[in-house]
1. Could you tell me whether the stretch 27-88 comes out rounded, prolate or oblate from its Cα gyration tensor? Rule is a ≥ b ≥ c as square roots of the eigenvalues, rounded for a/c under 1.5, then prolate if a/b exceeds b/c, otherwise oblate.
2. Give the Kirkwood hydrodynamic radius (Å, one decimal) of the stretch 70-114, defined as one over the mean of 1/r across all pairs of different Cα atoms.
3. Can you give the extra length, in nm with one decimal, that the chain gains between N45 and N98 once fully stretched, where that is 0.36 nm per residue apart less the Cα-Cα distance?
4. Rounded to the nearest 10 Å², what accessible area does T39 have for a 1.4 Å probe in the complete protein model?
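The values are calculated or read from the model by the stated rules, or taken from the named source; none is laboratory data. As the structure is a prediction and not an experimental result, all values here were calculated from the model. Accessible surface areas use protein heavy atoms only, side chains included; no ligands, DNA or RNA. Shrake-Rupley method; radii C 1.70, N 1.55, O 1.52, S 1.80 Å.
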Amino acid sequence: MPIHSPTNSPTDSSTSSASESPTARPTPNCADVEKFMHTKSNGENVTRTCDWVVDKHRCSNYGPTHCPVSCNVTCTCVDAETFVHTRPNGENVTKNCNWAVDNGFCDEYGSEYCPVRCNMCGSLVENLFSR
């Protein structure tokens, strides 16, 4: 497998569908999310997994942000639009990276969902939000 050198700026290297073989090794900032919220056409929010994404051929929608490993997407350091947070009472709620930063959840969600906003990309990208 070829070794990919990091770049100093973000790159647009997502694919529209799964490929036959992986294009990058998983890294701490390149991992599938455990679960996420999907809004059905009737407006209902349901919890989904990367197995669902692959089975339903939704890698073009969720591969780059939620399921890069399962969808064989070349990984870049990007934040997920949303993720599922489980409250202490067991209720699943949809949150975003602004919420994670504002409420001190970068240790819990930063590397998997919010590497840019939580300053966890290392030298892969400059923090675009500090400008």
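1. Oblate, since a/c reaches 1.5 and b/c is not below a/b.
2. Values: mean 1/r = 0.0872 Å⁻¹.
After inverting the mean inverse Cα-Cα distance, the result is 11.5 Å.
3. Separation in residues times 0.36 nm, less the Cα-Cα distance, equals 17.0 nm.
4. About 80 Å², rounded to the nearest 10.
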